[in-house]
1. Could you work out how much longer the chain between Glu147 and Met1 gets when fully extended? Use 0.36 nm per residue separation minus the Cα distance between them, nm to one decimal.
2. Show me, for the range 44-54, the HN-Hα J-couplings you get by feeding each phi into the Karplus relation (A = 6.51, B = -1.76, C = 1.60, θ = phi - 60°), rounded to Hz, glycine and proline as x.
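Any read-out appearing in this document is the output of simple, stated calculations on the displayed coordinates, not a laboratory observation. Because the structure is a prediction, the values reported are computed rather than measured.
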Amino acid sequence: MNFVVSADEVRAAFGLTGVVYFPRYSSPHHQLNDRTAQLLSGIGLPDTEWFMSKASLRADDSINLRQWYADKGTVPKESHDWLVLAMFADTTLALAPETGTIYALGDSEQGLVCKPLHRDAESLVYALTQFQLLQQELEDSDDEDREERVDALRAHIIAFDPLPFEDEESQWHLTFEEFIDGIW
C-alpha cells in the first residue's frame, strides 16, 4: 500500500527513538482495517513529549476505550471497542478499528464526548510529521514569518484532510495557536 508519508520520512522527522511500531492486532473485537494495521506496523506512530503514543504510557493500562474510561463515567456504546491510541494536547485520542477514524475524547456533563479529529491514522501521522518538520525548520530561524508558515501548514493539512481544523476548539487549533504565540 502507498501512503502519503513514508517510514523514512517519519523516522527522519522524529528520530529512531521517536517512532513506535504497533504489532498487527488480531483480537476478535479489535481488528484494525488492513490499511490502518499496515500503517501502524510499517510506518509507525510518532512518540514525543508533545504527542505520546499509547505505547509510551503505562504498560498495564488497557488499550480498550471502555476499560480506559471505566472509572470516569459512561462510554458511548458505539465506541466500546475503540482503541486508545495516544495523548495529544492533554486529550486522549482513540481509534475506531473498523473505519480507522481517529477521535479526540473529552469530558462533558453528559459524559464522554467523541469528536472526529482525523479521517484515518495516515492523516494523523502525516499532520504530526509535517508539524514536526516545521518546528525543526523554525528552531534556528527568526520568528518573523512563524504565523505565515503555520498558516501555510494548516492549509496544507486541510487540503489532505479537513477534519483536524474543522472544529474551532480542536487540539490542532490549540496547538497551532500556542506555537504561533511562542509557547512551544
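1. Additional length available on full extension: 49.1 nm.
2. Once rounded to whole Hz, the list reads x, 10, x, 8, 9, 6, 9, 9, 9, 5, 4.
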